[in-house]
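> Please read through the structure below; I'll follow up with questions.
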Amino acid sequence: MTVAVKEGVSQSAALQAKLKRTPGKKSFGVFGAIILAGIVYAGVHVANDLSRVHNLSGWPYILLGLALLIALGFEFVNGFHDTANAVATVIYTHSLDPHVAVIWSGIWNLIGVLTSSGGVAFAVLSLLPIEIILKAGSGAGFAAVFALLLAAIAWNLGTWALGLPASSSHTLIGSMIGVGIANQLMNGSNGASGVDWGQVANVFRALFISPLAGFAFAALMLIILKQVVKDQQLYEAPVGNEPPPFWIRVLLILTCTGVSFGHGSNDGQKGMGLIMLILIGTVPTAYALNHALGFSQTQDFVAVSESAARVFQHYAPQGIEVNDARTVLTAYIRSKELVPDVIPAARRMADEITHQVAPHHQLSDVPDDQQRNVRNDMYIESETLRLLAKSNEEKGVPPFTSADKDTLKNYEEHLDHATKFIPVWVKVAVALALGLGTMVGWRRIVITVGERIGKEHLTYAQGASAEIVAAATIIAADRFHLPVSTTHVLSSGVAGTMLANGSGLRMQTIRNILLAWLFTLPAAALIAGGIYYALRLFVK
């Protein structure tokens with residue numbers, strides 16, 4: 001017992017000494033070069049996009065700059081929490097120098113962000129009321145974006161200051177719920193929508209199950225490792241500032257790489273959706289539609305739209321004519337009530353979209369003053385198709401044949417490709433913000449993960465088990481377009497390994513993490529709702 005205490009004190013002293021070290025000139029040089037290259041890349045592409053915009057006054061530029069600054073500020077703070085979890089084990093076990101670990105993690109976060117599908121970004125974005133998404137450039141749209149981002153930043157900074165591994169995902173989703181509730185309370189008499197509780201349930205289910213999976217599977221992974229790998233060095237805690245044996249060091253670096261990549265591919269997307277909403281609201285001419293779609297893709301889109309219209313025509317009730325398809329479908333998205341007008345409205349909307357796009361060789365040729373309207377029509381049609389696919393015949397959905405379902409699914413994918421896209425420069429900017437946040441705020445989270453979850457210090461095997469499970473869970477969630485929390489998956493995984501190892505848990509830390517998990521959603525919702533209400537007193 002005395003030896004264990006001495007080793008623990010030695011490890012704590014070595015870790016504290018390492019935490020106090022400042023980055024060397026080489027680390028600053030490498031990281032500075034990466035940041036500068038990213039800023040130049042993003043700046044050049046933004047300037048190129050805006051050069052195609054005509055008659056844009058100075059005010060939208062100011063709004064764009066302010067909104068992007070706040071959105072990237074959220075990702076910067078996100079780096080405090082979630083990205084710091086990815087480097088916690090390699091730093092705590094002395095497998096990598098802290099500043100090398102941060103740069104390495106940042107590179108793999110960037111790769112994860114660049115290869116992400118964008119599905120998580122728009123799944124989270126769909127939690128906002130439909131009218132805020134359609135009127136992103138209005139005062140209400142900007143009030144919503146500013147409110148939820150400021151609330152998320154405030155809560156994340158508060159929990160970071162306490163060293164709690166709180167979830168940026170929970171915070172952002174809670175803020176969106178708060179904005180939705182406030183929007184409905186303030187405008188309910190006008191038919192304004194609030195929270196899509198069905199979508200919230202899907203998102204919250206993923207956020208609830210993933211930490212439980214992390215806990216159980218990390219514990220199981222440690223048990224399997226003990227049965228398969230007999231080298232006792234793997235099951236020791238770090239001593240002093242000595243790195244582990246080479247093969248263990250490689251293992252921990254690989255697991256850190258996996259979590260960093262997964263974090264970029266999932267968590268990095270959450271801010272990207274909001275950035276796109278900002279870009280669409282301020283400069284729709286450049287960002288409302290995917291200008292990367294060329295002639296052949298645009299013609300293919302028109303053909304698919306015409307096929308979808310024929311499918312809707314086949315199932316539309318006889319004798320119903322719809323003049324305002326957007327109003328009917330928006331009401332359907334808001335209420336989820338499938339009235340007889342919906343299918344005819346979907347058919348008319350498909351026809352209108354076809355007529356808007358067909359005369360042009362590519363989407364970038366759509367006139368500037370029509371880009372936002374075309375994008376909104378496409379978005380409404382896509383959301384309608386998504387809801388129809390989730391419904392069943394008992395709710396009145398026509399019995400589409402398998403071939404017709406495939407046609408409508410193909411149409412939904414084409415609509416999403418035209419509207420739910422993320423420019424590469426946005427991904428680069430988000431990755432840089434995450435990296436900067438990690439560089440500044442990794443210290444507190446490293447101590448919590450390494451020493452404050454269990455009663456004994458984290459062993460190499462425990463760190464590897466928790467990170468393998470965390471990486472697999474996050475990457476799998478991205479494939480299904482589900483947002484999960486890197487923080488909660490990894491910290492629960494560490495707790496699972498502590499329990500499986502018989503190390504015991506520090507119940508005060510576990511209690512604080514659970515309380516943060518429980519209170520993040522309502523607290524963020526309350527803060528965001530309050531800010532949104534205050535802002536709406538001044539803007540319409």
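Results for (1) surrounded by 16 or more Cβ atoms within 10 Å (Cβ to Cβ); (2) out of contact with any Leu (no Cβ under 8 Å at 6 or more places or on another chain); (3) under 23 Å from I474 (Cα atoms); (4) not basic (K, R), shown as yes or no for each residue.
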| position | (1), (2), (3), (4) |
| --- | --- |
| D231 | no, yes, no, yes |
| C256 | yes, no, yes, yes |
| V259 | yes, no, yes, yes |
| G273 | yes, no, yes, yes |
| P284 | yes, yes, no, yes |
| H291 | yes, no, no, yes |
| S296 | no, yes, no, yes |
| A303 | no, yes, no, yes |
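> Specify which of the listed residues (T509, T459, T473, T486) is in the same structural domain as G112 (by TED's automatic domain parsing), in contact with a His (Cβ under 7 Å, 6 or more places away or on another chain) and of a type in the set (S, T, Y).
Just a single option satisfies the conditions, and that option is T486.
> All but one of (1) modelled with pLDDT under 80; (2) in a helix (DSSP H, G or I); (3) buried (at least 16 other Cβ atoms within 10 Å of the Cβ) hold for A201; which doesn't?
(3)
> Continuing with this model, one more query. Name the one entry in G65, G29, G43 that is modelled with pLDDT under 80 and in a helix (DSSP H, G or I).
On the way: G65 fails: modelled with pLDDT under 80; G43 fails: modelled with pLDDT under 80.
Every option except G29 fails the conditions.
> Okay, next question. Just checking, how many residues over the range 119-166 are over 28 Å from H414 (Cβ atoms) and either outside the structural domain of T520 (by TED's automatic domain parsing) or polar (S, T, N, Q) (or both)?
Summing the residues that are over 28 Å from H414 (Cβ atoms) and either outside the structural domain of T520 (by TED's automatic domain parsing) or polar (S, T, N, Q) (or both) in the range 119-166 gives 2.
> Further question on the same structure: Hey, any hits in the range 179-195 for a residue that's part of a loop (DSSP other than H, G, I, E, B) and hydroxyl-bearing (S, T, Y)?
At the first step, the residues of the range 179-195 found to be part of a loop (DSSP other than H, G, I, E, B) are 191-195.
Imposing the further condition that a residue be hydroxyl-bearing (S, T, Y) reduces the set to 193.
Scanning the range 179-195 turns up at least one residue that is part of a loop (DSSP other than H, G, I, E, B) and hydroxyl-bearing (S, T, Y).
> Select, from I333, I275, the only residue that is more than 30 Å from W425 (Cβ to Cβ) and among the aliphatic types (A, V, I, L, M). Spell out the reasoning first.
Details: I275 fails: more than 30 Å from W425 (Cβ to Cβ).
Going through I333, I275 in turn, just one is more than 30 Å from W425 (Cβ to Cβ) and among the aliphatic types (A, V, I, L, M): I333.
> In this structure, does A84 turn out to be part of a helix (DSSP H, G or I), at pLDDT 80 or above and not β-branched (V, I, T)?
Criteria not met by A84.
> Here's another thing I want to ask about it. Right, V250: in the same structural domain as S105 (by TED's automatic domain parsing), under 22 Å from L72 (Cα atoms) and assigned to a helix (DSSP H, G or I) or not?
Here the answer is no, as V250 does not meet what is asked.
> Please work out which residue is modelled with the lowest pLDDT, limiting yourself to the range 140-178 and to residues that are surrounded by fewer than 24 Cβ atoms within 10 Å (Cβ to Cβ), outside any helix (DSSP H, G or I) and of a type in the set (A, V, I, L, M, F, W, C).
L164
> Right, another one. All but one of (1) closer than 24 Å to T285 by Cβ; (2) touching a residue at least 24 places away in the same chain (Cβ under 8 Å); (3) out of contact with any Pro (no Cβ under 9 Å at 6 or more places or on another chain) hold for D369; state the number of the condition that does not hold.
(2)
The values are calculated or read from the model by the stated rules, or taken from the named source; none is laboratory data. Everything quoted here is computed from the prediction, not taken from an experiment. As a convention, Cβ positions derive from the backbone with ideal geometry for all residues, glycine included, and neighbour counts pool all protein chains shown.
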